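Novice: The structure follows.
The values are calculated or read from the model by the stated rules, or taken from the named source; none is laboratory data. All figures in this text were calculated on a predicted structure; none of them were measured in a lab. Glycine also receives a Cβ, built like all others from the backbone with ideal geometry; neighbour counts cover every protein chain displayed.
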Amino acid sequence: MDDIMTLEEVAGYLKLKPQTIYTWAQDGKIPAAKLGKEWRFRKSVIDRWFNQHFDGKFSVYLENP
């Protein structure tokens, strides 16, 4: 299951601080699943979520999911 990422891995992948990812997960701003006390993320979902946050004028540069 290489598609499953930890909070720290998502933070590194998006080049953000882990606290930012944690806050976003808590607030439902980033797609995540809480398993016990740990947050987990599916890389393919994070990629789609990230692409949806691009300004519309740049969408021509994105691959079709």
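Novice: If you scan the stretch 9-40, which residues turn out to be of a type outside the set (A, V, I, L, M, F, W, C) and farther than 21 Å from Asn51 by Cβ?
Specialist: Lys17, Pro18, Gln19, Tyr22, Thr23, Gln26, Lys34, Gly36, Lys37, Glu38 - these are the residues of the stretch 9-40 that are of a type outside the set (A, V, I, L, M, F, W, C) and farther than 21 Å from Asn51 by Cβ.
Novice: Restricting to strands (runs of 3 or more DSSP E) lying wholly in the chain: which have 3 or more residues that are out of contact with any Phe, Trp or Tyr (no Cβ under 9 Å at 6 or more places or on another chain) and at pLDDT 95 or above?
Specialist: Correct list: 38-42.
Novice: Now for a different question. Scan the stretch 21-42 for residues that are surrounded by fewer than 14 Cβ atoms within 10 Å (Cβ to Cβ) and at negative phi and jot them down.
Specialist: Correct list: Thr23, Gln26, Asp27, Lys29, Pro31, Ala33, Lys34, Leu35, Lys37, Glu38.
Novice: Six or more apart or on different chains, Cβ atoms under 8 Å: show the pairs whose first residue is in the stretch 28-57 and farther than 15 Å from Leu7 by Cα and whose second is surrounded by 14 or more Cβ atoms within 10 Å (Cβ to Cβ).
Specialist: Trp49/Ile30; Phe50/Leu14
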